[in-house]
Amino acid sequence: MHPVLKFGVEIAIAEAIIIVILIIASIVASILSYISENIENKRMRKIEYILLKLLQKHKKFNKKLFPKKFHNVRLLLKTILAFDAQRPPHPWHELRAEMLEQLVLPLARKKIKSISAITQIYATAAFVLKTDTKDVPSLEKIQYKKSPLAYLNCCIAGINFGIKSIVISLIKLLSSTSWLYQTGYSFLFHGAPKATHHIVAELLAQTEDVSIRATCYDIMLQFPPIKIKIDVMRDINSDDLTLKLSALKYIAYVDREAAIPLLIKQLASDIYQVRLVSIHRLYLLDAKEAVQSIAQCLNDEDLSVRRSAAKAIIHLDKDGKEIVRSIAPDLNLELANMKYVADMIW
Amino acid sequence: MQFITGLYSFIMWYIIILDLMYVLLLVASLKSIFLGYIESKVIEVVPTIRDLPLLHPVTVIIPVYNGEDLILESIYSVLNSKGHEKINITIVNDGSTDGTLQKVIETFEMQEINARITDRISVVNKVKKIYLAKHNANIMLIDKENGGKSDALNAGLNLCRTDLFVTLDHDTLVAPDAIFTLMYVFLRNKNAIAIGGSLSILNGCKHKEGKIIEERISKNPLCAIQAVEYLRSFLFGRAGWAELKGSLCYAGAFTLFDYNYVAEIGGFDYKNVAQDFEIITHLQALRSEKHFESRLGFAPGAVAWTSVPDTLKDYWYQRTNWQMGSIHSLILHKNIFFNPKYGVIGFITYPFFLLGEIGCGFIISIGYIIGAICWGIDLVDYYWVSIILLVSFGLSLSLSLATFFLSLITYSRYKGFKAKLGLFFAAILENFGLRQFLVVCEAIATVRYMFGQRPPIVPYA
């Protein structure tokens, strides 16, 4: 037989075997996925039943009620979250805390040391709900490059529980990558506790790094307004556009009195993003005194600046429509008074 | 006889090497498919991520030509998306002659506006009017003269104010979390410039107001087989190439791009109907030429459902256009071929696409012709032919079944026993008729291209 033909026969046989294996594997996979889904649902219902019973009888959490088959971090987290969504009666928060402390976190502490990225991901997800001081060294060891999702969970835990080392390392990471990338993570700071606010404020006060400062300003917008002793003017006058914009947004957020004249001055900037941010912030600050200055932007070369100016004027002045009509008669007023994409960006 | 044997050997080796390449792709894709799948499972138990809003504003550009049937469904699906308040929709009516324009204007009460759009990207055919929706300033409509999908996309890009945009076909519905998932993968991939989404088949599915109510396999065998083909292509094909950093094509029907890089290369190629192939190739070339760290990624979990041809005539027409468009793109960037400057793209992807994906139809068809001639002059060796056919069938069947198996254990799009059974039989049926039809179609398209014929720019295939 020709050697190529012989090889072809071997390949055909190998393919036939693979096909048979795949058919069997597909059937087995279908059955197993059906069974495992049922098993998981069954176990979840059983855990829920136990928890409900404890709640009804106002009893403390008892680890012995949960046999080993329930010792699965993902299953336990899923159940806790399902319970949270149902808004169960008051003792739930105490019971939840006990359950995390006695069952979930000990499991997570074992799993976080695993070399498996998947196991680490689930383990770190548990720390998002509760973290102790003793867990910090383990969380600090998780690196972005090795496991981005586990690292994300650690960041959330760090933000939620004010872990300084993790928060600072996250801010440094955010500042060293593109601002697009930043947007995803800076939102994690929304609703962070006061301890985390102080960490960010402290870093902003201490660092000279332009990117880190800009990142800190953006993060501060996620917190209730805090005035801190820093030279914001220096940053507003910076040559770095990202820092400049971040500082403008920050000052508008924390100090209305100081911000309004500053923003009016920035309307004359030759950078369209600065004009846009300034108009938008004046609009948000309800700065009626800025109407005449904003009106000069109605014939701006940039479409989003013109539209934002029209919207701001209509909002700020009861005769806003007349003002816009007289200066920019081509601008469609009905449409001007609506949210525009520029608002989404800035 | 020696010549015939040599030819048989060549075809056998060709199929075996093709086999190995697909296996390599399958293996390469496993990591990203499993990790992506596990991530989606983890997100279920981390509310901070699960409840994240859309993280960055994005523009969805929907070019449409005579698409009154599904254009509204497509727009509604975007409006139903997670984070829709940060999504700007730009519909580009490319000179439709049906009721598309009127339908969109009436439904969203669009009003004409005087918008100065940039000319950063060249648009060949004139923009006539621009409209804005009365009650939702996130929806804009560009009405322009007919000029083809690429031209329409470029017009949309000139109005784009966000740094990211998504291309979406007018007959494509996105899952509620699809754009969010694309965005999430984009933001997670350092230096990403494009993220491809995954396509599923809309034909046969039950949908209403942009929402997929029930995902079904179509009863039309042609559509069912294409469901398998798309699953294979999007579950491991694209994911595998992305992992090998050798992507040359994403679905133009649903891909996220960084606007600045697309603008830098002048937008979409006006003369090419396979503009999705060309733009990714071009972006890859740009990466290599300018030596910047960047990635073209793929998000298997970001799903959109698109219509596919349901008649052989339409299928032929679509695949002919794709074949010619792909050849054109490869010729346009022929300097990539075996050029060390382009790395994996130059040494693996480009040759594979040239000789494997695009060349396959042509080479196999030559095999059929020579086989027929040999049979006619009684020179055929049935043993050789049988083994070649078995190896070829075995390859495609095992790949289809591998995809089917992967879909069962990861992104199981088709729930329900009937749908899975339908998919299984479609995977087998694909190899008895349609595959051969496609081979012939691609071969004829290649020959027509070689004789100077080009696909018409206008149709949206």
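The values are calculated or read from the model by the stated rules, or taken from the named source; none is laboratory data. Since the model is a prediction, treat every value here as computed from it, not as a measurement. Note that we place each Cβ from the backbone using ideal geometry, even for glycine, and neighbour counts take in every protein chain shown. Remember, those area values only see protein heavy atoms, side chains included, never the ligands or the DNA or RNA. Shrake-Rupley method; radii C 1.70, N 1.55, O 1.52, S 1.80 Å.
Here B:Asp143, B:Asp119 are screened, and the one residue that is of a type in the set (Asp, Glu) and under 16 Å from B:Gly266 (Cβ atoms) is B:Asp119. Taking the stretch B:371-397 as the range and being open to solvent by less than 40 Å² (accessible area, probe 1.4 Å), assigned to a helix (DSSP H, G or I) and closer than 16 Å to B:Gly6 by Cα as the test, the residues that pass are B:Gly371, B:Cys374, B:Trp384, B:Ile387, B:Ile388. The set of residues from the stretch A:235-250 being farther than 14 Å from A:Ser175 by Cα and β-branched (Val, Ile, Thr) comprises just one member, A:Ile236.
Of all positions in the stretch B:180-188, none carries a residue that is under 17 Å from the mean Cα position of the chain (by Cα), closer than 27 Å to B:Gly36 by Cβ, more than 14 Å from every other protein chain (Cβ to nearest Cβ) and buried (at least 24 other Cβ atoms within 10 Å of the Cβ). If you go through the stretch A:56-70 and pick out every residue that is among the basic types (Lys, Arg), in a loop (DSSP other than H, G, I, E, B) and loosely packed, with under 10 Cβ neighbours inside 10 Å, you end up with 1.
Helices (runs of 4 or more DSSP H) fully within the stretch A:71-180 that include at least 2 residues being β-branched (Val, Ile, Thr): A:73-86, A:117-129, A:148-160, A:164-175. Listed conditions (1) crowded, with 23+ Cβ neighbours inside 10 Å; (2) of a type outside the set (S, T, N, Q); (3) in a loop (DSSP other than H, G, I, E, B); (4) within 14 Å of chain A (Cβ to nearest Cβ) are all met by B:Ile217, apart from (4).
Residue-by-condition table, conditions (1) modelled with pLDDT under 90; (2) open to solvent by 50 Å² or more (accessible area, probe 1.4 Å):
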{"residue": "A:Asp239", "(1), (2)": "no, yes"}
{"residue": "A:Leu245", "(1), (2)": "no, no"}
{"residue": "A:Glu257", "(1), (2)": "no, yes"}
{"residue": "A:Arg281", "(1), (2)": "no, no"}
{"residue": "A:Ala295", "(1), (2)": "no, no"}
{"residue": "A:Ile313", "(1), (2)": "no, no"}
{"residue": "A:Glu334", "(1), (2)": "yes, yes"}
{"residue": "A:Asp343", "(1), (2)": "yes, no"}
{"residue": "A:Trp346", "(1), (2)": "yes, no"}
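Quick check: anything in the stretch B:310-324 at pLDDT 85 or above, not in a helix (DSSP H, G or I) and not acidic (Asp, Glu)? Steps first, please.
Of the stretch B:310-324, the ones at pLDDT 85 or above are B:310-324.
Those still in the list that are not in a helix (DSSP H, G or I) too: B:310-311.
After this cut, where a residue has to be not acidic (Asp, Glu) as well, the list is B:311.
Yes, there is a match, as at least one residue in the stretch B:310-324 is at pLDDT 85 or above, not in a helix (DSSP H, G or I) and not acidic (Asp, Glu).
The helices (runs of 4 or more DSSP H) located wholly in the stretch B:1-104 that include 3 or more residues which are more than 8 Å from every other protein chain (Cβ to nearest Cβ) occupy B:2-44, B:71-79. Scanning the stretch B:116-136 for residues that are within 9 Å of another protein chain (Cβ to nearest Cβ) and open to solvent by less than 20 Å² (accessible area, probe 1.4 Å), we see that the one that is farthest from B:Asn80 (Cα to Cα) is B:Leu132. Looking only at the stretch B:398-417, residues that are touching a residue at least 24 places away in the same chain (Cβ under 8 Å), in a helix (DSSP H, G or I) and more than 20 Å from B:Met21 (Cα to Cα) come to 1 in all.
Checking each residue in the stretch A:1-41 for being among the acidic types (Asp, Glu) and either more than 17 Å from B:Ile388 (Cα to Cα) or more than 9 Å from chain B (Cβ to nearest Cβ) (or both) picks out A:Glu10, A:Glu37, A:Glu40. No other residue among B:Ile139, B:Ile113 is in contact with a strand residue (DSSP E or B) (Cβ under 8 Å, 6 or more places away or on another chain) and either touching a residue at least 60 places away in the same chain (Cβ under 8 Å) or open to solvent by 50 Å² or more (accessible area, probe 1.4 Å) (or both) apart from B:Ile139. Only one of the listed residues (A:Gly191, A:Gly162) is over 26 Å from B:Pro57 (Cβ atoms), modelled with pLDDT of 75 or more and either touching an Asp or Glu at 6+ places or on another chain (Cβ under 8 Å) or open to solvent by 10 Å² or more (accessible area, probe 1.4 Å) (or both). That residue is A:Gly162. Among residues of the stretch B:338-358 being open to solvent by less than 40 Å² (accessible area, probe 1.4 Å) and either touching a residue at least 60 places away in the same chain (Cβ under 8 Å) or β-branched (Val, Ile, Thr) (or both), the one that is farthest from B:Ile15 (Cα to Cα) is B:Gly343.
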